[in-house]
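First comes the structure, then the notes that go with it.
The values are calculated or read from the model by the stated rules, or taken from the named source; none is laboratory data. Values in this document were obtained by computation on a predicted structure and should not be read as measured data. A quick note on method: Cβ atoms are made from the backbone with ideal geometry, for glycine too, and the neighbour counts reach across all protein chains shown. What goes into the accessible areas is simple: the full protein's heavy atoms, side chains included, and nothing from ligands, DNA or RNA. Shrake-Rupley method; radii C 1.70, N 1.55, O 1.52, S 1.80 Å.
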Amino acid sequence: QVQLVESGGGLVQAGGSLRLSCIASGNIFRVNTMGWYRQAPGKQRELVAISTTTGNTDYADSVKGRFAISRDSAKNTVYLQMNSLKPEDTAVYYCNLKTIGLSSWGQGTQVTVSS
């Protein structure tokens, strides 16, 4: 079992910044992909950014140049630095960890960007 706990969401004005954190605990295989997804009301959950233990990252086109994902593998922690936030970034942000035969989700943290 893997547990994921997110923190760092909140309310921010457009143009502002937030930093999300996600700590993983439990039986974590050392080779994995950790990332962030988001789900806005009435929309499907979508990829925001992912980071692998081999150092690769990938971002949704809508956040490239504004968001940055980083991880501390020793602490099983992944971060999402969100800059230049827009109202359309408003969503529940979920942390995800994928490894062989396993995909775990956190409970989500609300990010609200006011115009």
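Considering only protein heavy atoms and a probe of 1.4 Å, how much of the accessible area of the chain is carbon and sulfur, as a whole percent?
Details: 3030 of 6230 Å².
The nonpolar share, carbon plus sulfur, comes to 49 percent.
Can you compute the charge dipole magnitude of the chain about its Cα centre, using +1 on each Lys and Arg Cβ and -1 on each Asp and Glu Cβ, nothing else charged? Give it in debye, rounded to the nearest 20. Walk me through the intermediate numbers first.
On the way: 11 positive and 7 negative charges, 24 e Å.
So the magnitude is around 120 debye.
Below 8 Å, C-alpha to C-alpha, sequence gap of six or more: please give me the relative contact order for the chain in percent.
Values: 278 pairs, mean separation 41.6, N = 115.
Result for the chain is 36 percent.
Report the paramagnetic label zone for Gln110: residues of segment 60-96 whose backbone N is under 14 Å from a point 7 Å from Cα along the Cα-to-Cβ axis.
Flagged as within label range: 90-93.
Arrange the residues Glu88, Glu6 by how much accessible surface each exposes, largest first, with a 1.4 angstrom probe. Kindly include the intermediate steps, with their values, before the conclusion.
Details: Glu88 125, Glu6 25 Å².
Accessible-area ranking of Glu88, Glu6, largest first: Glu88, Glu6.
Counting only heavy atoms of protein chains, what accessible area per residue, in Å², does the chain have with a probe of 1.4 Å?
Working: 6230 Å² over 115 residues.
Ligands and nucleic acids excluded, the result is 54 Å² per residue.
With each label point set 7 Å from Cα along the Cα-Cβ vector, what nm distance links Gln44 and Ser70?
Placing both labels 7 Å beyond Cα along the Cβ direction yields 3.3 nm.
Tell me, what is the 1.4 Å probe accessible area of Phe29, in Å² to the nearest 10?
100
Along the positive direction of the dipole of the chain (beta-carbon charges: Lys, Arg +1; Asp, Glu -1; about the Cα centre), which of Val48, Ser73, Tyr94 reaches farthest?
Ser73
Let me check I've understood the local charge: for Leu20, count other residues with C-beta under 11 angstrom from its C-beta, Lys and Arg +1, Asp and Glu -1. What total comes out?
Details: positive: Arg19, Arg38; negative: Glu6.
Within the 11 Å Cβ shell, the charges total +1.
Add +1 for every Lys or Arg and -1 for every Asp or Glu among the other residues with Cβ under 13 Å from the Cβ of Ala68, and state the total. Could you put the intermediate results ahead of the total?
Details: positive: Arg19, Lys64, Arg66, Arg71; negative: Asp58.
So the environment of Ala68 carries a net charge of +3.
Can you give the local net charge around Tyr94? Use residues other than it whose beta-carbon is closer than 11 angstrom to its beta-carbon, Lys and Arg +1, Asp and Glu -1. If you can, show how the numbers build up before the last one.
Working: positive: Arg38, Arg45; negative: Glu6, Glu46.
That works out to 0.
To the nearest 20 debye, what charge dipole does segment 34-83 have about its Cα centre, counting +1 at the Cβ of each Lys and Arg and -1 at the Cβ of each Asp and Glu? Don't jump to the answer; show the numbers that get you there.
Details: 7 positive and 4 negative charges, 27 e Å.
So the dipole magnitude of segment 34-83 works out to roughly 140 debye.
Largest first and to the nearest Å, give the Cα extent of segment 29-115 along each principal axis.
Principal-axis extents of segment 29-115 (Cα, largest first): 41, 25, 21 Å.
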